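All remarks here apply to the structure that follows.
The values are calculated or read from the model by the stated rules, or taken from the named source; none is laboratory data. All values derive from a computational prediction rather than experimental measurement. So basically every Cβ, Gly included, is an ideal-geometry build from the backbone, and we count neighbours across all protein chains shown.
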């Protein structure tokens, strides 16, 4: 059994469609939409190919017309792209996002998996750094062999007792210092973090055509090109 695990696609269909890894099952850990220019084809791809999908905070935001509760650094960007995403998605897409589960448990080849977007105790909004001591309690309380999470956009694989916490990082908006799309593979009891290059400039061209403030388009483009969060100077100047 080979499972490919992706998270935080964020409307980046150029990255998603470039995924070449073969698999028996595709699992998606939420945040299909927002920030990126093509939420509709991302949703259609996931609906047709993914065996398991859980809801992220941005999926929840679009599905229920609620605040995604982003950090102050990304609040303006999230709000602007949320309005765009809401305007281009049909009722059926929003219904799909609204009805995604917050978390799921699954068993494959005698391995117990727990899947959510953020952390088990707060599956939509909880933010927990990879080395946080909080993961010890999360792992103990979850009672799974493998916990799969996303949300931070940073790939992690951490063993806590008999539990392995795996964050594949972000497929569509990586924040690792590299523009390569990030994902994870679980196969025959072993997990691996992987990445691949894709046509970043094609995605940037689509971002530059979004009907949002030009400075926000530039920030989003910089994140895709560099895999880094731009300095806050420009953000402060806009406030």
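Data table
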quantity	calculated
Members of region 70-102 that are closer than 13 Å to residue 36 by Cβ and free of Cβ contacts under 8 Å to residues at least 60 places away in the same chain	78, 82, 88, 89
Matching residues, region 223-234, being free of Cβ contacts under 8 Å to residues at least 40 places away in the same chain, in a helix (DSSP H, G or I) and in contact with a helix residue (DSSP H, G or I) (Cβ under 9 Å, 6 or more places away or on another chain)	234
Residues of region 40-65 classified as assigned to a loop (DSSP other than H, G, I, E, B) and either surrounded by 18 or more Cβ atoms within 10 Å (Cβ to Cβ) or at pLDDT below 95 (or both), total	3
Residues of region 18-41 satisfying the condition of being more than 18 Å from residue 223 (Cα to Cα), within 15 Å of the chain's Cα centre (by Cα) and touching a residue at least 60 places away in the same chain (Cβ under 8 Å)	19, 27, 29, 30
Sole exception among (1) surrounded by fewer than 23 Cβ atoms within 10 Å (Cβ to Cβ); (2) in a strand (DSSP E or B) for residue 5, by number	(1)
Residues of region 203-218 classified as touching a residue at least 40 places away in the same chain (Cβ under 8 Å) and surrounded by fewer than 13 Cβ atoms within 10 Å (Cβ to Cβ), total	2
Test: residue 123 is touching a residue at least 24 places away in the same chain (Cβ under 8 Å), under 20 Å from residue 78 (Cβ atoms) and either touching a helix residue (DSSP H, G or I) at 6+ places or on another chain (Cβ under 8 Å) or buried (at least 20 other Cβ atoms within 10 Å of the Cβ) (or both)	yes
